[in-house]
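The values are calculated or read from the model by the stated rules, or taken from the named source; none is laboratory data. Here the structure is a predicted model, which is why all the values come from computation and not from measurement. Every residue, glycine among them, receives a Cβ derived from its backbone with ideal geometry; neighbour counts consider all protein chains shown.
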Amino acid sequence: MHSLYEIETTVKRSAKSQGLSWGISEEIGKSIRILEQSGLQGLESFKNIVDFGFDNLTKLTDINQKTTTHLCPIHFGIFFQDQSHLKEMHQTFKFESLKEPLISIPFFIKAAKKNLIYFHIHSSEINISITPGEMTSINQNQIPTSINNFSIKVTQQRQQQYSNETWEDLYQLSLETFVEETEEKKLSGAGAGLSDND
Amino acid sequence: MKIELRKPEFVMKLDRLGSFHQSKLSFLRSFIREFKDWDFQTHELKLDNSGFGHGVYVVQKGNKQYSLVCFSNHLDENERSDRVIATKWDASFVLYDGIPSSADIQRLKENVPLQEQGRVTEKELCLSRANKSVRVFEHVVDQLSQGQQPDTSLLYNVGYLYRTTAVYGSGKFGLADRIKIQDREELKGPFRLEMMLVFLARQFTFDVVNHVAYHRSPTTSVKLSDDIARNLGIGNSTGLGMAPFIVNHPALLNQWIMAKEKALRAIRLLESVNEIEKNNFQSYLSTIQDNIKYWKTDSDYQIQKNGQLTNDLKDFQKYFNTKKIEKYFWNEVYEWVEKNTHAECCEFIVSLMMEVYPDIVEPLSYEMSINEENYFDIDTTRNIQDICNLIEKQYTWLLEIDFEQKDNIYNFWYYSKNKQEPRLSDRFSEEGADLELPLAIARDIHHLYKGLKKMDPKKDISFYLSKNQQYRHVLRRVFICEQLPYSEIQDNTISKTLIPVDMLRLKLSFFGATRFDPRSDRWVRITMYQGAPLMKEISLSNDNWSYKKIA
């Protein structure tokens, strides 16, 4: 399993390798870190949008834009994180489709806390409310009035939420932000000598 | 009397930051203060006659335990390469959370000597490796095995038996994330675990030479004397890997500098000073002037700086000899130093002044950490005019730089593919500038400012961000700098005139490094813990060990 630091930096670098700006890459790195720390499959979701291709996703840059199919969850989340303090944003908007909505959630949580606002995301597939409180609410009807024969496991051990193949693919992408070193660069770029025998 | 903190535009220039010296705030010294009442024990030392094998050192207090697991391996001379291409080392170290089982040690034995190529787990906290200083190691073993103590002039000219080349922590290579340990009371100060690793590794170097000397000649050998061992530290060879850290952690950098600046201001604000305090300062000054002769370097840059320091200290001594105690004595001393000496001497005197006042300085070491996540988010409610004003106020120094000029954008920072470490190269003759790391802060804030000036100043910054995300990474820094004034190095980190070793020196001085020996403008060797108490005497430490005569 990988540390949260490794997850954050690998996602940040692989996002950069896909053409996102450093600032956005930093945001997505932190977002996936939060999801993984929360036991959610952030890395797998991120891998899915990488596989789908950022060129095939639609960036939300204007709340009134016409095309809203295959919305990119990173730009969708960051748009609401950045814009939802504005009064004109406090209404209901409709969009056609959003890829990997899980990725947007950490951004909504930040926006909700910062601006003391509520997001109610509703579709036939999902019904979730994100609030400025410490708990993200789930449908009350999904909680039974009593439970029986149940157990609680308390552990410090985080569970790996992604496959080794997903990690390896993203890790290889992250290496695309690195520069191949020539022998000359090894000397000039790092400045160190080659022998430590003194 | 009103004395302000020194201004960021004065302090945050690289030539000054690159002149910082170790002080009471340095992390290795605050580590010893924090852990001096803990129990330090050699738990296990399983070495063969040549000194190869492993050792475990345990640090504990109550039910809290940390262990350093050390591995010593055979290394051919042709494998003892410096950090650029090294894949093997004489020794490797891992700091374990608790006491490792034999299964843990076996697992670590298979991974820790491989360093970046191995994997560790969240049970492990820090990772490092070191090479012998061959000439010193052989000399010491040879002498001890013959029943003699080694030649101290050789030893003190080098300063250590082993030299580390990296100390990794905070989640790298599978190590525990910072979040796992950040709430532990004993780890509130910065880099506590890294400092623990290096302190215990130093003990391992002594144990190895004693062990090898004994097995070379059991009947005649003697142990390295405590007095000599105490005056040996552990070396470190550091390249550019350290430089981006201080750019990538602006909030943390602010805390380090702010602690120092608060200490200086508090001392300058002392209305009355007594003879004892003045004499203490003089005593530290005299000792350290003697020790400066052991600061050996072949670097013209550092030779010039050390020369300036020596000359400035002579002038300072004349001034100080005749300076009578009067109100706000230290403020007058500081003002004289700032006016009459170079940055190297000025910062040296600041460190010395801090020695005299532990009650003022030591509590500030607990203010040197920060939760950086609290400063990550951008306040998008602010309007564009606001941001322009902030840039004009905080980044005045960069607005006049012409980033069309080749020399001002000469370098680019990147990660090397084979070592995954930061590097710096000439963008006009080397390939890879398209993969530049976001460390060109001055250039990017300059471009952000130009972009903002073209927009409606009354609009929120959220409006700008809906159209432009290219400079998001520096926009957040503008907000950080508004709250944390010492968060930004006020120099162009991609200019042709950049001296990267200044960035290394800044960080290393806060670690507590001494004897800066730049091997080029981007690689430096230093010594840590020289003069520090030995593991068995840490409880007796009075924190004056940095100012003991070396010989």
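Among the candidates B:Arg163, B:Arg135, B:Arg119, single out the residue that is within 12 Å of chain A (Cβ to nearest Cβ), surrounded by fewer than 19 Cβ atoms within 10 Å (Cβ to Cβ) and in contact (Cβ under 8 Å) with a residue 40 or more places away in the chain.
B:Arg119
Assuming B:Asn311 fulfils every condition listed in (1) away from chain A (no Cβ under 14 Å); (2) surrounded by fewer than 14 Cβ atoms within 10 Å (Cβ to Cβ); (3) out of contact with any Cys (no Cβ under 9 Å at 6 or more places or on another chain) apart from one, which condition is it?
Every listed condition holds for B:Asn311 apart from (3).
What's the number of the condition B:Phe40 fails, among (1) of a type outside the set (Val, Ile, Thr); (2) over 29 Å from A:Arg158 (Cβ atoms); (3) within 14 Å of chain A (Cβ to nearest Cβ)?
(3)
Can you pull out every residue in region B:389-418 that is within 29 Å of B:Glu482 (Cα to Cα) and within 14 Å of another protein chain (Cβ to nearest Cβ)?
B:Tyr410, B:Asn411, B:Phe412, B:Trp413, B:Tyr414
What residue, among those in region B:337-356 that are polar (S, T, N, Q) and assigned to a helix (DSSP H, G or I), is farthest from B:Lys318 (Cα to Cα)?
B:Ser351
Here are some conditions: (1) among the β-branched types (Val, Ile, Thr); (2) surrounded by 15 or more Cβ atoms within 10 Å (Cβ to Cβ); (3) not in a strand (DSSP E or B). A:Ile128 meets all but one. Which one does it not meet?
(3)
Against the conditions (1) modelled with pLDDT of 90 or more; (2) surrounded by 13 or more Cβ atoms within 10 Å (Cβ to Cβ), where does A:Thr136 fall short? Just the number, please.
If we test A:Thr136 against (1) modelled with pLDDT of 90 or more; (2) surrounded by 13 or more Cβ atoms within 10 Å (Cβ to Cβ), just (1) comes out false.
Take the conditions in a loop (DSSP other than H, G, I, E, B) and within 18 Å of A:Asp62 (Cα to Cα) and apply them to A:His85. Does it pass?
yes
With respect to B:Glu392, determine if the residue is modelled with pLDDT under 95, on the phi < 0 side of the Ramachandran plot and in a helix (DSSP H, G or I).
No: the conditions fail for B:Glu392.
Please identify the pairs in which a residue from region A:13-41 that is within 15 Å of B:Asn248 (Cα to Cα) has its Cβ atom under 7 Å from the Cβ atom of a residue that is among the polar types (S, T, N, Q) and not in a loop (DSSP other than H, G, I, E, B), counting only partners at least 6 apart or on another chain.
Note: pairs meeting the criteria are A:Arg13/A:Ser174; A:Gly29/A:Thr9.
So that you can scan it fast, the table gives a plain yes or no per residue for (1) within 23 Å of B:Asp177 (Cβ to Cβ); (2) more than 14 Å from chain A (Cβ to nearest Cβ):
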| residue | (1), (2) |
| --- | --- |
| B:Asn73 | no, yes |
| B:Glu77 | no, no |
| B:Lys88 | no, no |
| B:Ser92 | yes, yes |
| B:Leu95 | yes, yes |
| B:Ser102 | no, yes |
| B:Leu108 | yes, yes |
| B:Gln115 | yes, yes |
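So B:Leu475 fits all but one of (1) farther than 20 Å from A:Asp82 by Cβ; (2) touching a residue at least 60 places away in the same chain (Cβ under 8 Å); what number is the exception?
Result: B:Leu475 fails condition (1) only.
Within region B:224-246, can you find the residues that are over 14 Å from the mean Cα position of the chain (by Cα) and crowded, with 16+ Cβ neighbours inside 10 Å?
Within region B:224-246, B:Leu224, B:Ile228, B:Ala229, B:Arg230, B:Asn231, B:Leu232, B:Gly233 qualify.
Would you be able to say whether some residue in region A:41-49 is within 14 Å of chain B (Cβ to nearest Cβ) and at pLDDT 95 or above?
no
Got at least one residue in region B:273-282 being assigned to a helix (DSSP H, G or I), among the β-branched types (Val, Ile, Thr) and either farther than 19 Å from B:Phe516 by Cβ or in contact with a strand residue (DSSP E or B) (Cβ under 8 Å, 6 or more places away or on another chain) (or both)?
There is at least one residue in region B:273-282 that is assigned to a helix (DSSP H, G or I), among the β-branched types (Val, Ile, Thr) and either farther than 19 Å from B:Phe516 by Cβ or in contact with a strand residue (DSSP E or B) (Cβ under 8 Å, 6 or more places away or on another chain) (or both).
Answer with yes or no whether B:Ile494 is outside the structural domain of B:Gly159 (by TED's automatic domain parsing), of a type outside the set (Asp, Glu) and closer than 27 Å to B:Arg427 by Cα.
So B:Ile494 fits the description; yes.
Collect the residues in region A:26-42 that are surrounded by fewer than 24 Cβ atoms within 10 Å (Cβ to Cβ) and either under 23 Å from B:Leu465 (Cβ atoms) or in contact with a Phe, Trp or Tyr (Cβ under 6 Å, 6 or more places away or on another chain) (or both), keeping them in residue-number order.
Within region A:26-42, A:Glu26, A:Gly29, A:Lys30, A:Ile34, A:Leu35 qualify.
So, in region A:106-124, of the ones that are part of a helix (DSSP H, G or I) and surrounded by fewer than 22 Cβ atoms within 10 Å (Cβ to Cβ), which residue ends up nearest to the other protein chains (Cβ to nearest Cβ)?
Going through the qualifying residues, I end up with A:Lys114.
Which of the residues belonging to region A:161-197 are facing chain B (nearest Cβ under 7 Å) and at pLDDT below 70?
A:Lys185, A:Lys186, A:Ser188, A:Gly189, A:Ala190, A:Gly191, A:Ala192, A:Gly193, A:Leu194, A:Ser195, A:Asp196, A:Asn197
Counting just the residues of region B:328-351 that are in contact (Cβ under 8 Å) with a residue 24 or more places away in the chain, farther than 16 Å from B:Arg265 by Cβ and of a type outside the set (Asp, Glu), which one comes out surrounded by the fewest Cβ atoms within 10 Å (Cβ to Cβ)?
The residue in question is B:Asn340.
Hey, which of the helices (runs of 4 or more DSSP H) in region B:419-515, taking only ones fully inside, have at least 1 residues that are modelled with pLDDT under 95 and within 12 Å of another protein chain (Cβ to nearest Cβ)?
B:461-467, B:500-511
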